[in-house]
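Read the structure below first, then the notes.
The values are calculated or read from the model by the stated rules, or taken from the named source; none is laboratory data. All values derive from a computational prediction rather than experimental measurement. Heads up, the Cβs are rebuilt from the backbone with ideal geometry, glycines too, and the neighbour counts pull from every protein chain shown.
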Amino acid sequence: MATTAEMFTDGALDGHLGGNAASIRATAHALSKVESAVAVVLVEGISDQIALETAAVGRGRDLEAERVVIVPIGGAHAIGRFLTRLGAEGTRVRLAGLCDLREEEVFRRALEVTRVGSPRTRRDMERLGFYVCVKDLEDELIRALGTARVEELFDSQDDLRSFRSFQSQPAWRGREPEAQMWRFLRSSSRRNQRYARLLVEAAVGRGALPRPLDALLTTV
């Protein structure tokens, strides 16, 4: 079965339907595999799912064969609902997750409320299999690769001219390149999802996969 990254590349999940429609379809597709899973990884959105699946492939892993399912939950505030649902299906399913820094407290509280654990610190969360990106996935990947390599990727995808145009906008002119790249990636859901795969592939190739992704894959 195709990974989410391959499905987006092939257009099987129609981005032109809008972010919500694509997110709903991606979540439903992942949940259809949960019943037979031995581990379920809860992530905020599709780009996180693509990044983890791409990193696993880069490490020579077959998550489908290992029965590890990555579920995009459609935003951090849905975490409690998913923990409750999956917890009700039995303790045989190992739970793990990934979130952005600004959503760390949301995940921490949900883990406690649903009695998955009682994490007081980030290290406690990691012991439960839940990791935090600082500040988010895109920021982690930009820092891991460096701005020069990210620009090379933009160029390879014929996006460098668009990025230069973005840099010249009054609101972003003169800002740090990392901040400009972060906003450029996040300004389009389609772009964000495409580069989730490309940036992770580049990071794996350089042995520079950001720690939260690396540690989470090791956990599951």
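Filter region 182-210 for residues that are without any contact (Cβ under 8 Å) to a residue 60 or more places away in the chain and surrounded by fewer than 17 Cβ atoms within 10 Å (Cβ to Cβ); which is nearest to residue 147 (Cα to Cα)?
Here the residue is 183.
Anything in region 182-199 that is within 15 Å of residue 136 (Cα to Cα) and part of a loop (DSSP other than H, G, I, E, B)? List them, or say none.
The answer is 187, and nothing else.
Are any of the residues in region 111-127 without any contact (Cβ under 8 Å) to a residue 40 or more places away in the chain, in a loop (DSSP other than H, G, I, E, B), surrounded by 15 or more Cβ atoms within 10 Å (Cβ to Cβ) and among the small types (Gly, Ala, Ser)? Break it down stepwise before answering.
Of all residues in region 111-127, those without any contact (Cβ under 8 Å) to a residue 40 or more places away in the chain come to 111-125, 127.
Now narrow it down to the ones that are in a loop (DSSP other than H, G, I, E, B): 114-121.
Pick out the ones that are also surrounded by 15 or more Cβ atoms within 10 Å (Cβ to Cβ) and you get 114, 116-117, 119.
In the following step, the residues that additionally are among the small types (Gly, Ala, Ser) were identified as 117.
The answer is yes, given that some residue of region 111-127 is without any contact (Cβ under 8 Å) to a residue 40 or more places away in the chain, in a loop (DSSP other than H, G, I, E, B), surrounded by 15 or more Cβ atoms within 10 Å (Cβ to Cβ) and among the small types (Gly, Ala, Ser).
If a residue must be without any contact (Cβ under 8 Å) to a residue 60 or more places away in the chain and not hydrophobic (A, V, I, L, M, F, W, C), how many such residues does region 139-150 contain?
In the first step, residues of region 139-150 are kept if they are without any contact (Cβ under 8 Å) to a residue 60 or more places away in the chain; the result is 139, 142, 146-150.
Restricting the remaining residues to those that are not hydrophobic (A, V, I, L, M, F, W, C) gives 139, 146-147, 149.
Residues meeting the conditions: 4.
Out of region 163-181, which residues are in a helix (DSSP H, G or I) and free of Cβ contacts under 8 Å to residues at least 12 places away in the same chain? Step through it out loud before you land on a result.
Taking region 163-181 as the starting set, the residues that turn out to be in a helix (DSSP H, G or I) are 163-167, 177-181.
If the condition is that a residue be in a helix (DSSP H, G or I) and free of Cβ contacts under 8 Å to residues at least 12 places away in the same chain, then 164, 165, 179 are the ones that fit.
Within region 84-101, take every residue that is at pLDDT below 95 and in a helix (DSSP H, G or I) and give me the one that is nearest to residue 52 (Cα to Cα).
In this case the residue turns out to be 86.
Pick out the one residue from 22, 5, 26, 51 that is part of a helix (DSSP H, G or I), modelled with pLDDT under 55 and among the aliphatic types (A, V, I, L, M). Lay out the reasoning, then the answer.
Working: 22 fails: modelled with pLDDT under 55; 26 fails: modelled with pLDDT under 55; 51 fails: modelled with pLDDT under 55.
Among 22, 5, 26, 51, only 5 is part of a helix (DSSP H, G or I), modelled with pLDDT under 55 and among the aliphatic types (A, V, I, L, M).
Could you tell me whether any residue of region 144-157 is of a type in the set (Val, Ile, Thr), surrounded by fewer than 22 Cβ atoms within 10 Å (Cβ to Cβ) and under 27 Å from residue 68 (Cα atoms)? Before you say what the answer is, go through the steps one by one.
Applying the first criterion (of a type in the set (Val, Ile, Thr)) to region 144-157 yields 147, 150.
Then drop every residue that is not surrounded by fewer than 22 Cβ atoms within 10 Å (Cβ to Cβ), which leaves 147.
Among the residues that remain, those that are also under 27 Å from residue 68 (Cα atoms) are: none.
No, region 144-157 has no match at all.
Quick one: how many residues across region 54-69 are surrounded by 24 or more Cβ atoms within 10 Å (Cβ to Cβ) and at pLDDT below 95?
Going through region 54-69 one residue at a time, the tally reaches 0.
If I filter region 83-110 down to residues being farther than 19 Å from residue 215 by Cβ and touching a Gly at 6+ places or on another chain (Cβ under 9 Å), which single residue comes out as surrounded by the fewest Cβ atoms within 10 Å (Cβ to Cβ)? Give the steps one after another, and end with the answer.
If we filter region 83-110 for residues that are farther than 19 Å from residue 215 by Cβ, which is where we start, we get 83-93, 102, 105-106, 109-110.
Narrowing further to those that are touching a Gly at 6+ places or on another chain (Cβ under 9 Å): 83, 93, 106, 109-110.
Details: 83: 22, 93: 17, 106: 18, 109: 13, 110: 24.
If we take residues in region 83-110 being farther than 19 Å from residue 215 by Cβ and touching a Gly at 6+ places or on another chain (Cβ under 9 Å), then 109 is surrounded by the fewest Cβ atoms within 10 Å (Cβ to Cβ).
Checking residue 177 against (1) in contact with a Ser or Thr (Cβ under 8 Å, 6 or more places away or on another chain); (2) under 25 Å from residue 23 (Cβ atoms): exactly one of these is not met. Which one?
For residue 177, the exception is condition (2).
Give just the number: which of (1) acidic (Asp, Glu); (2) in a helix (DSSP H, G or I); (3) free of Cβ contacts under 8 Å to residues at least 60 places away in the same chain does residue 158 not satisfy?
Result: residue 158 fails condition (2) only.
Condition test on residue 177, is it in contact with a helix residue (DSSP H, G or I) (Cβ under 8 Å, 6 or more places away or on another chain) and either of a type outside the set (Asp, Glu) or crowded, with 17+ Cβ neighbours inside 10 Å (or both)? Lay out the reasoning, then the answer.
On the way: in contact with a helix residue (DSSP H, G or I) (Cβ under 8 Å, 6 or more places away or on another chain): yes; either of a type outside the set (Asp, Glu) or crowded, with 17+ Cβ neighbours inside 10 Å (or both): yes.
Criteria met by residue 177.
How many of the residues making up region 56-100 are touching a residue at least 40 places away in the same chain (Cβ under 8 Å) and within 14 Å of the chain's Cα centre (by Cα)?
Within region 56-100, residues that are touching a residue at least 40 places away in the same chain (Cβ under 8 Å) and within 14 Å of the chain's Cα centre (by Cα) number 11.
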